[in-house]
1. How many residues are of a type outside the set (D, E, K, R) and within 11 Å of the ligand (Cβ to nearest atom) when one looks only at the stretch 62-85?
2. Output the residues belonging to the stretch 86-139 that are within 15 Å of the ligand (Cβ to nearest atom), among the β-branched types (V, I, T) and part of a strand (DSSP E or B).
3. Filter the stretch 6-20 down to residues that are under 18 Å from the mean Cα position of the chain (by Cα) and in a helix (DSSP H, G or I), then give me how many there are.
4. Can you tell me which residue in the stretch 130-154 is surrounded by the most Cβ atoms within 10 Å (Cβ to Cβ), limited to those that are more than 21 Å from F167 (Cα to Cα) and touching a helix residue (DSSP H, G or I) at 6+ places or on another chain (Cβ under 7 Å)?
5. If you take the residues in the stretch 10-24 that are of a type in the set (A, V, I, L, M) and touching a helix residue (DSSP H, G or I) at 6+ places or on another chain (Cβ under 9 Å), which one is surrounded by the most Cβ atoms within 10 Å (Cβ to Cβ)?
6. Would you please name the residue that is surrounded by the most Cβ atoms within 10 Å (Cβ to Cβ), looking only at residues in the stretch 42-59 that are more than 16 Å from the chain's Cα centre (by Cα) and part of a loop (DSSP other than H, G, I, E, B)?
7. So, in the stretch 148-175, exactly how many residues are part of a loop (DSSP other than H, G, I, E, B) and either among the basic types (K, R) or within 19 Å of the chain's Cα centre (by Cα) (or both)?
8. Residue pairs, Cβ under 6 Å, 6 or more apart or interchain, first in the stretch 12-40 and under 20 Å from D147 (Cβ atoms), second surrounded by 14 or more Cβ atoms within 10 Å (Cβ to Cβ) and hydroxyl-bearing (S, T, Y). List them.
Amino acid sequence: MDIDTYYTDHWKHIEEERIARYERMFEWRDGQAALLAPAAIEAGHRVLDFGSGPGFMALAIADMVGESGRVHGVDINARFVADATERADGRAHVSFHHVTDGRIPLPDGAVDRVLCKNVLEYVPDVDATLAELRRVLAPGGRIHIMDSDWGFVVVEPWGKENVDRYFAAAAVAFREPHIGRKAQGLLAKQGFHDIEVRIQAFADTQGRSLPVIRNMRSYIGAALDAGGDTGLSGEQADALLAEAEGAVEEGRFLFSLPQFLVTGTKS
Ligand SMILES: C[S@@+](CC[C@H](N)C(=O)[O-])C[C@H]1O[C@@H](n2cnc3c(N)ncnc32)[C@H](O)[C@@H]1O
């Protein structure tokens, strides 16, 4: 894999171990409904889920819009699209599409809502992607971005310096790790109006987010394999990971990664 384009390539080709981890990470839980609230999704809405991954959120949205609505999921990973299609189990109002060239297979103005959860930090050209998402939205339709900002991660008992080192070493996996704070400005640049920003933070003390930290370790491994200057050796990264795992057992673990919820309307 070319390390310069790893931020996007690592989604096109996913090894089996990571697929299993992502299925756990992206499973939709009822408690996450608050992430969708600003999108005001209603029965009958036509919705695009851009970067739908294994399809869990798109299927939850299919329940929200009902059979008078429609959900389209798109993703650059063919395996995710196939697995999501299987999970849809023949439901006629939800479909998943594999995209390869940045073009969404929908006509102009086809949907009432565009949802995009934890995707924009990976796209090669975020302005071009947002322009394409705006194209498929109907006038008056809303785009709703739910995304992290990797400058706001807390992992205890690591302390800030180790968090910064660990996530900086994994930075090859992101095109724009600070997408959360930038989303508002990017929507304004595309001409969206009535832009609202909310930030939602969760505290994980039980270790549910360890897969995120393990996932970052695989990105650090890719950077090390490519001979990059990560500022952290594999042994140091493993020691931090082991410390986090041990802290869960000892009741000393805390993980938080605030989600930026940024919503705008197309004229
Ligand atoms: C972190 S996962 C999030 C998956 C899902 N949205 C969720 O939150 O459960 C990022 C997803 O974006 C997809 N993705 C990355 N770059 C993409 C692109 N340029 N076009 C479409 N999908 C993309 C990946 O394949 C992956 O499924």
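The values are calculated or read from the model by the stated rules, or taken from the named source; none is laboratory data. Remember, predicted model here, so these are calculated numbers, not experimental data. Methodologically, a virtual Cβ is constructed for each residue, glycine included, from the backbone with ideal geometry; neighbour enumeration extends over all protein chains shown.
1. 8
2. Answer for the stretch 86-139, where residues must be within 15 Å of the ligand (Cβ to nearest atom), among the β-branched types (V, I, T) and part of a strand (DSSP E or B): V94, V114.
3. So the count comes out to 10.
4. In this case the residue turns out to be I145.
5. Residue satisfying both the conditions and the ranking: I14.
6. H45
7. Qualifying residue count, the stretch 148-175: 8.
8. From the stretch 12-40, the pairs are P38/T263.
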